[in-house]
Amino acid sequence: MNKKLLISLAAVLLLTGCGTATLKNGEKVVAKMDGKKITAESLYNELKTQGGATVLTNMIDDYIVNKEIKTDEDAKSSAESQIKSYKDSYESYGMDFTSALANAGYKSEDAFKDVLILDYKKKVVAENYVKENVTDDDINEYYKEKIFGDIEAKHILISPNTKDNMSDEEKQEAEKEAKKEAEKIIKKLNKGEDFEKLAKKYSDDEGTASNGGKLTVTYGAVVDEFWEGCVALKDGEYSKDPVKSEYGYHIIYRVKQKAKPKLSKVKEDIIDKIVEERISNDSTLQTKALVALRKKYNLKIEDSGLRKSYNSSIKTALSSSTTENSSN
């Protein structure tokens, strides 16, 4: 719809050079019927109220974003990957992707690709905006609270034997059985049996069972329950009670924890994480970033009606997103 509106607005603005009829006051006539003439000015004014500010904003952002962010291989690769995903999805339903593009108002796949590239650039603009507002205090706080040395550990996973067609009661019973099995293994450990041999025999974690349950545990890369289970142990200790997670029941043996990496080595990673978290938690950030860019380029909307509509749309976008965030 916006694309069609853009074409319509552009057509109106070009009418001065076309062979259209002209009224005595100089206005161009774009259509007429018995008792009525529609002028370019009246059509333009009507289009302004039906999404004109949105079209204008898109034109502004297209220019600014393309000036700020170059089309690099990452942008192209991202767009191509999305197109492939769309194609695969349409083909899986027996639908024609080219027809779908045409129905959506795109002249070609390349035109759609350009839109996806622009979306990618807008994402980069938002990331840069957030990154510029990350302070040393933010970095230091993240480092203190969320950066830890990796933990060398071993674990045994006992997963409940559940199936999709089970009733809730049956699933609960399977959970109980898994927990009992894990508790039996802990009793074996209490009697001095070898952890690695038990892991090879009983663990349902196919990725680690064959090597005795050995793994390196990195904060943020495992479920919270597993990390907390590791942190609660001292080097050389194992879980006295099964640790429950979405995967089942874990018995964890903590070997040792490595030293925390120096801030200088992880600073850039921390900034990236902060940016990622803020964008994920605040849906207004891309709007804020684009508004900031428009101010940087000294945007002035001369038409009072469009200016009022533009200001209203920005206010609505920011307030509605804030309301959404506060309710989550």
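Since every read-out is calculated from the coordinates, none of them should be taken as a lab result. Just so it is clear, the structure is predicted and the values come from calculations on it, not from any experiment. Here the Cβ is made from the backbone with ideal geometry for all residues, glycine too, and neighbour counts use every protein chain on show.
Starting from the 7 Å offset along Cα-to-Cβ, what nm value, one decimal, do you get for the label separation of M59 and D110?
Inter-label distance under the simple model: 2.4 nm.
What are the ³J(HN,Hα) values, in whole Hz, obtained from phi via the Karplus relation 6.51 cos²θ - 1.76 cosθ + 1.60 with θ = phi - 60°, for each residue of segment 233-240 in sequence order, with x given for Gly and Pro?
9, 8, 4, x, 9, 10, 4, 8
For segment 148-257, compute Rg over Rh where Rg is the Cα radius of gyration and Rh is the Kirkwood radius from the inverse mean 1/r over Cα pairs.
Working: Rg = 13.8 Å, Rh = 14.1 Å.
So for segment 148-257, dividing Rg by the Kirkwood Rh gives 0.98.
Would you mind working out the magnitude of the charge dipole of segment 148-257 relative to its Cα centre, with +1 at each Lys and Arg C-beta and -1 at each Asp and Glu C-beta, to the nearest 20 Debye? Walk me through the intermediate numbers first.
Working: 19 positive and 24 negative charges, 132 e Å.
My answer is approximately 640 debye.
Label points 7 Å out from Cα along the Cβ direction at N140 and K260: separation in nm?
So the label points at N140 and K260 sit 1.3 nm apart.
Only Lys, Arg, Asp and Glu count, each charged at its Cβ (+1, +1, -1, -1), so figure out the dipole size of the chain about its Cα centre, rounded to 20 debye. The partial results should precede the final answer.
Working: 55 positive and 58 negative charges, 216 e Å.
With only Lys, Arg, Asp and Glu charged at Cβ, the dipole is about 1040 debye.
Report the calculated FRET efficiency for E196 and K70 (r = Cβ-Cβ distance, R0 = 41 Å), to the nearest 0.05. Walk me through the numbers on the way to the answer.
Details: r = 53 Å, r/R0 = 1.28.
It comes to 0.20.
Residue by residue through segment 294-310, which ³J(HN,Hα) values in whole Hz follow from phi under the Karplus form 6.51 cos²θ - 1.76 cosθ + 1.60 (θ = phi - 60°), with glycine and proline marked x?
4, 5, 4, 8, 6, 5, 9, 8, 6, 6, 5, x, 5, 5, 5, 5, 4
I need the Debye-formula profile for the chain: one equal scatterer per C-alpha, no solvent, reported as log10 I(q)/I(0) at q = 0.09, 0.10, 0.11, 0.15 1/Å, two decimals.
For the requested q values the scattering log ratios are -0.78, -0.89, -0.98, -1.24.
When M166, M33, M95 are ordered from fewest to most other Cβ atoms inside 10 Å of their Cβ, what list results? Display every interim value, and only then the final one.
Numbers: M166 14, M33 7, M95 11.
Fewest-to-most ranking of M166, M33, M95: M33, M95, M166.
Output wanted: per-residue J couplings in Hz (rounded whole) for segment 110-123, from phi through Karplus 6.51 cos²θ - 1.76 cosθ + 1.60, θ = phi - 60°, x for Gly and Pro.
Each residue of segment 110-123 in turn: 5, 5, 5, 4, 4, 5, 5, 5, 5, 4, 4, 5, 5, 5 Hz.
Please list, ordered by chain and number, the residues whose modelled amide H lies under 5 Å from the amide H of A31; skip anything fewer than 5 residues away on the same chain.
I38
Once you sort the root eigenvalues of the Cα gyration tensor of segment 194-328 as a ≥ b ≥ c, which label holds: rounded (a/c under 1.5), prolate (a/b larger than b/c) or oblate (the other case)? Let's see the in-between values first.
On the way: a/c = 4.45, a/b = 2.89, b/c = 1.54.
Judged from the Cα gyration tensor, segment 194-328 comes out prolate (a/c at least 1.5, a/b above b/c).
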